[in-house]
Amino acid sequence: MELAQKENGVSLLAIDYDLAIDDISRQFKETVVRFRRRGAVVAVSGGVDSAVCCALAVRALGPQRVLALLLPERESSGASERLARELVEMLGVPYERKDITDTLEALGCYDRRDSAIRSVVPEYGHGWRNKLVIAGGLSGQFNHFYLIVVGPDGRRVEQRLGLKEYLEIVAATNFKQRTRKNVEYFHADRLNYVVVGTPNKLEYDQGFFVKNGDGAADIKPIAHLYKTQVYGLARHMGLPHDIIESTPTSDTYSLPQEQEDFYFALPYPQLDIALAFLEAGRNTTELAAALDIDELSARRIYADIAAKRRTTRYLHEAPVLIKG
Amino acid sequence: MKSVRDHVKEYISENFLMGLKDAAITDDASFLDLGIIDSTGVIELIAFLEESYGIRVDDAEMVPENLDSLDAIDRFIARKTFARASSMTA
């Protein structure tokens, strides 16, 4: 058995990858049959989560029953698309590429976001790049967001966001995930396929997804797997080296942005351990020892996990029906 | 003039609870424990406090000890307004 993670003698993240692949593939195929569909659509971003999902879809259904989609927009990283192409060519799945920039422009994605940014940084304009960064959780503060913008001359401005500007920027950028999902369901409808959602356990548990955007799917084959385990699966399945070695990014904002910048309080290897410890009922003393941190920091990590669950609970909720 | 506690309680009742469940907001009750406020709500609450009391809440002050109950907010606003008054008379 290959260990996904071993920390201070603790192997909470260890799984048998062959068994995991067999189990997921079987349930994947059963789900497609139960839904009376004939295959699966997977949007591949060039990241490890969608790569593993696509590979699992191929294991479950065979390459000819999978359609991969490459859905870049003008702010996507070119490297991401190169990795996505490398993956689909290696897996031998049919794929389509659709640049969604025009759709996003028509919806006002970039204009609405940039107007909100200009209300905070008036000089923001052509040639500037942006990203949001989370702060607070590990300092015992309430989580809050900073806008970081960098001008064409390299000048950097960092500004704490008020609620109105924060919500406007997030709402506008969410057009990206929702537009991609529209395209995914177009192909799923025309082919009678299911749509695959690609969140890992950290993203699913901590609410790092857009409701009715990347959160929408018919099956989520790795939502029970920690990111460490997803990387382990990718290695075990022999997926492209550059995908396995890449740093997780949101690929949503125009400045380079690691996921831990935007949303997670910790790099994923540590957050995986923290979430696994929390779910196993381990206390903060044990977490502190495992991560080699002090106990106050461990308490804040658990508190931050709880805060994110609380804040994003509604993302998981199905529409409420009124009791008659 | 309304006390800080009454003013904030009214704001929370109207804006977060829309008139429901406000009986649960006792002076020392934790907003987080009551499930009334999450991190988005805190940012909204901070904007309300900054506008209502003419203060600026620094990052380091965005902690539950200052903002998680009516009592905590009352003490926090008293400290902030005292500090502001002191700096103006200095």
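The values are calculated or read from the model by the stated rules, or taken from the named source; none is laboratory data. In this text the structure is predicted, and so the values were computed from the model without any measurement. FYI the Cβ positions are ideal-geometry reconstructions off the backbone, even for glycines, and counts take in every protein chain you see.
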* Could you look through the stretch A:150-174, keep only residues that are free of Cβ contacts under 8 Å to residues at least 40 places away in the same chain and hydrophobic (A, V, I, L, M, F, W, C), and pick out the one that is farthest from B:L67 (Cα to Cα)? => A:V157
* **Enumerated helices (runs of 4 or more DSSP H) restricted to the stretch A:57-146, each holding at least 1 residues that are at pLDDT 95 or above and over 30 Å from A:D218 (Cβ atoms)** => A:109-118
* Structure fact -> Filter the stretch A:292-324 for residues that are in a helix (DSSP H, G or I) and among the hydrophobic types (A, V, I, L, M, F, W, C); the one that is farthest from A:L202 (Cα to Cα) is A:L296
* Asked: Do you know which of the residues in the stretch B:41-60 that are buried (at least 16 other Cβ atoms within 10 Å of the Cβ) and under 17 Å from A:D304 (Cα atoms) is farthest from the other protein chains (Cβ to nearest Cβ)?
  -> B:G41
* Asked: In the stretch A:131-141, is there at least one residue being within 14 Å of another protein chain (Cβ to nearest Cβ), crowded, with 19+ Cβ neighbours inside 10 Å, among the polar types (S, T, N, Q) and touching a helix residue (DSSP H, G or I) at 6+ places or on another chain (Cβ under 6 Å)?
  -> no
* Asked: Just a yes or no: is a residue in the stretch B:13-36 within 10 Å of another protein chain (Cβ to nearest Cβ), closer than 28 Å to A:R300 by Cβ and more than 14 Å from the chain's Cα centre (by Cα)?
  -> yes
* Scan the stretch A:190-217 residue by residue and report those that are farther than 22 Å from A:E317 by Cβ and either surrounded by fewer than 18 Cβ atoms within 10 Å (Cβ to Cβ) or within 17 Å of the chain's Cα centre (by Cα) (or both). => A:R190, A:L191, A:N192
* To do: Please work out which one of (1) within 14 Å of another protein chain (Cβ to nearest Cβ); (2) out of contact with any Leu (no Cβ under 6 Å at 6 or more places or on another chain) is the condition A:L147 fails and give its number.
  => (2)
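For the structure I just gave you, tell me whether A:H187 is surrounded by fewer than 23 Cβ atoms within 10 Å (Cβ to Cβ) and in a loop (DSSP other than H, G, I, E, B).
In short, no.
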